[in-house]
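What follows is one structure encoded as structure tokens, with my remarks underneath.
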Amino acid sequence: MSTPTRPIVVSLARPLMQMATPVPIAASQLQISPGRPVLIESNGFVLRSLTPGDADLRMLSWLSNEQMMQGLNLASLDFDLDQLRGFIGRFDNFRSYFIGIFAKSDGLLIGFYTIDVDLKHRIGQVTTGIGESRYEGKGTLWATFGALLSHFYAERNIEKFSAHILARNFRMLFNFRNNPLFIFEACLQQECLAPNGERLDILVFSSFKNPRASDMKRPST
């Protein structure tokens, strides 16, 4: 099979055609991540760095879910479990992070964040997705965004986060429009191609460690 683009359950990190293409590797070939794993508690949720051992059939099913793939702007991903483990193992907790969102009450993995870091410019590009259907539309991202951003601003030397969202991904836009943690920066028109060849717009939202007054002006979306 062809190697799929890195899964980004919503088009939040970079324009899709610029996403890295990982080569799946066997779990036995994985190396220890060099960075410090993330562990955060917030409003009844735990955010922690995922490891290859977290991969299971339920997580694998998220990557073939039709709604999720529409937000991802990709056809169904043809991962098997070992390839999913290899994919997770490539996040190093330094330049890239794959962070699970767990319900604190029962430890259930319900979604995730991925973050790609530009160390030179101290910018993080974030993607996110909720895979557990009963948590969709329940404010999970609103409950965890603040703690995630605060942690990276205070502990990981990041000064700005950006999220690139498909303009048609209305379910995800709910988490960014009128969110005091983010401002709308731009609409990138016809920025990426859908699997069917249609050109799609991307909306860019950003958060700042030290916002200037001019940064917080909100163009109309």
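Rule-based calculations on the coordinates, nothing more; no lab input. Since the model is a prediction, treat every value here as computed from it, not as a measurement. Here the Cβ positions follow ideal geometry from the backbone for every residue, glycine too, while neighbour counts run over all protein chains shown.
If you take the square roots of the eigenvalues of the alpha-carbon gyration tensor of segment 16-210 and sort them as a ≥ b ≥ c, do you get rounded (a/c under 1.5), prolate (a/b over b/c) or oblate? Rounded. Summing +1 for each Lys or Arg and -1 for each Asp or Glu among the other residues whose beta-carbon sits under 13 angstrom from that of ARG85 gives -3.
By the count of other C-beta atoms within 10 Å, a proxy for reagent exposure, ILE130, ILE101 are ordered fewest to most as ILE130, ILE101.
Extension gain, PHE94 to ILE123, is 9.2 nm, computed as 0.36 nm per intervening residue step minus the present C-alpha separation. Expressed as a fraction of 2.2 N^0.38 Å, the C-alpha radius of gyration for segment 113-188 is 1.13.
Put a plus charge on the Cβ of each Lys and Arg, a minus charge on the Cβ of each Asp and Glu, and nothing anywhere else: the dipole of segment 16-210 about its Cα centre is then about 500 debye.
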